[in-house]
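Just below is one structure, and these are the notes that go with it.
The values are calculated or read from the model by the stated rules, or taken from the named source; none is laboratory data. Quantities reported herein were computed from a predicted structural model and do not represent experimental measurements. Positions of Cβ are backbone-derived with ideal geometry, glycine not excepted, and every protein chain shown enters the neighbour counts.
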Ligand code: AMP
Ligand code: MN
Ligand code: MN
Ligand code: MN
């Protein structure tokens with residue numbers, strides 16, 4: 001297979017494809033700068049990558065320059081925070097033309113929502129004993145980038161209020177907890193609309209990671225597709241093979257394309273760029289064969 005050839009169908013095996021379409025950098029809650037992330041992707045043998053920081057494309061210019069230097073194909077992207085039926089749902093936008101149209105204003109609104117949300121999260125965490133919560137989260141972020149829940153989780157750990165990140169989410173920041181503030185995010189359909197209007201492909205992120213029943217997940221996929229969404233992550237990091245096959249059926253029924261990614265945030269954990277469970281043989285077409293992406297991903 002030539003260096004940059006990707007399969008046009010998932011034909012089974014595919015233990016490791018040289019592509020990762022969901023990763024984070026220091027532009028959001030990732031540990032590596034965009035340049036360092038691209039360099040690591042290169043070392044890991046990837047030929048195609050998307051940078052998908054939370055609610056921003058601010059890391060893309062630096063990543064693009066690095067990717068050109070390293071000879072990698074970089075797809076601009078973002079992971080938008082949205083609301084659907086009381087859940088915080090993430091939508092990855094794969095954006096060959098970058099941000100344009102209503103997405104430009106949408107990203108400004110997301111940044112503003114993140115700011116307001118951080119103030120609200122801080123207020124709530126002060127009630128459980130984290131004094132100066134906002135300043136401490138900012139200190140953990142180590143830069144002026146928009147704050148996320150992981151910054152507050154680290155602040156809780158640093159203050160000795162919880163033993164680790166997992167417990168910080170379990171007790172204070174995870175779904176349904178005091179620090180899970182989601183009222184400021186746009187509706188799922190609105191965010192999907194921004195991506196589609198920007199000439200991009202909207203990808204439902206990690207559909208297996210919301211603790212939804214199969215039926216409820218089906219309703220989410222219906223709502224997503226009805227809003228104009230074109231794909232979903234069939235594989236996100238490591239996941240159960242039966243669950244993957246089941247999800248693949250749900251995508252097929254709705255004629256959604258299949259995307260995949262590690263959701264990599266930092267080195268040293270169990271994930272690296274490109275690391276994810278294998279994709280089973282499936283009739284669901286890979287997202288890189290979508291007409292909006294096929295040219296830029298140079299099949
Ligand atoms: P936010 O974008 O501010 O809502 O924060 C969500 C981010 O928190 C996710 O993208 C993950 O990076 C991180 N996260 C979510 N759950 C956990 C958890 N249980 N442990 C550690 N990090 C988590
Ligand atoms: Mn994250
Ligand atoms: Mn996510
Ligand atoms: Mn992510």
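For the reader, a short list of remarks on this structure follows.
Matching residues to (1) more than 16 Å from ligand 2 (Cβ to nearest atom); (2) without any contact (Cβ under 8 Å) to a residue 12 or more places away in the chain; (3) more than 18 Å from residue 190 (Cβ to Cβ); (4) touching a helix residue (DSSP H, G or I) at 6+ places or on another chain (Cβ under 7 Å):
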site	(1), (2), (3), (4)
16	yes, no, yes, no
56	no, no, no, yes
70	yes, no, yes, yes
79	no, no, no, no
85	yes, no, no, no
88	no, no, no, no
96	yes, no, yes, no
100	yes, no, no, no
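- Qualifying positions in region 115-149 - out of contact with any helix residue (DSSP H, G or I) (no Cβ under 7 Å at 6 or more places or on another chain) and either within 11 Å of ligand 1 (Cβ to nearest atom) or in a helix (DSSP H, G or I) (or both): 115, 116, 117, 120, 123, 124, 135, 138, 139, 148
- Filtered residues of region 176-196 (kept if under 21 Å from residue 217 (Cα atoms) and modelled with pLDDT of 95 or more): 180, 185, 186, 187, 188, 189, 190, 191, 192, 193
- Matching residues, region 260-296, being modelled with pLDDT under 95, out of contact with any strand residue (DSSP E or B) (no Cβ under 6 Å at 6 or more places or on another chain) and either under 22 Å from residue 98 (Cβ atoms) or crowded, with 18+ Cβ neighbours inside 10 Å (or both): 280, 294, 295, 296
- Subset of region 150-176 [more than 22 Å from residue 110 (Cβ to Cβ) and part of a loop (DSSP other than H, G, I, E, B)]: 159, 160, 161, 162, 163, 164, 176
- Residues of region 62-83 that turn out to be within 25 Å of residue 231 (Cβ to Cβ) and away from ligand 3 (no atom under 16 Å from the Cβ), as a count: 8
- Taken over region 249-265, residues that are farther than 23 Å from residue 293 by Cβ, out of contact with any helix residue (DSSP H, G or I) (no Cβ under 9 Å at 6 or more places or on another chain) and within 12 Å of ligand 4 (Cβ to nearest atom) amount to 0.
- Restricting the first member to region 134-160 and to residues that are touching a residue at least 24 places away in the same chain (Cβ under 8 Å) and within 16 Å of residue 171 (Cα to Cα), and the second to residues that are within 16 Å of ligand 4 (Cβ to nearest atom) and not in a helix (DSSP H, G or I), the beta-carbon pairs closer than 9 Å and six or more apart or on different chains are 149/29; 149/174; 150/29; 150/265; 151/29.
- Number of residues in region 197-224 that are modelled with pLDDT of 95 or more, surrounded by 14 or more Cβ atoms within 10 Å (Cβ to Cβ) and in contact with a helix residue (DSSP H, G or I) (Cβ under 9 Å, 6 or more places away or on another chain) equals 16.
Here is a yes/no grid of residues against (1) within 16 Å of ligand 1 (Cβ to nearest atom); (2) touching a strand residue (DSSP E or B) at 6+ places or on another chain (Cβ under 7 Å):
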{"position": "37", "(1), (2)": "yes, yes"}
{"position": "44", "(1), (2)": "no, no"}
{"position": "56", "(1), (2)": "yes, yes"}
{"position": "86", "(1), (2)": "yes, no"}
{"position": "105", "(1), (2)": "no, no"}
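- Filter result for residue 199 (in a loop (DSSP other than H, G, I, E, B), on the phi > 0 side of the Ramachandran plot and touching a residue at least 60 places away in the same chain (Cβ under 8 Å)): yes
- The C-beta contact set for region 21-43 (first residue closer than 23 Å to residue 290 by Cβ and touching a residue at least 12 places away in the same chain (Cβ under 8 Å), second residue within 15 Å of ligand 3 (Cβ to nearest atom) and in a helix (DSSP H, G or I), distance under 6 angstrom, 6+ apart or interchain) is empty.
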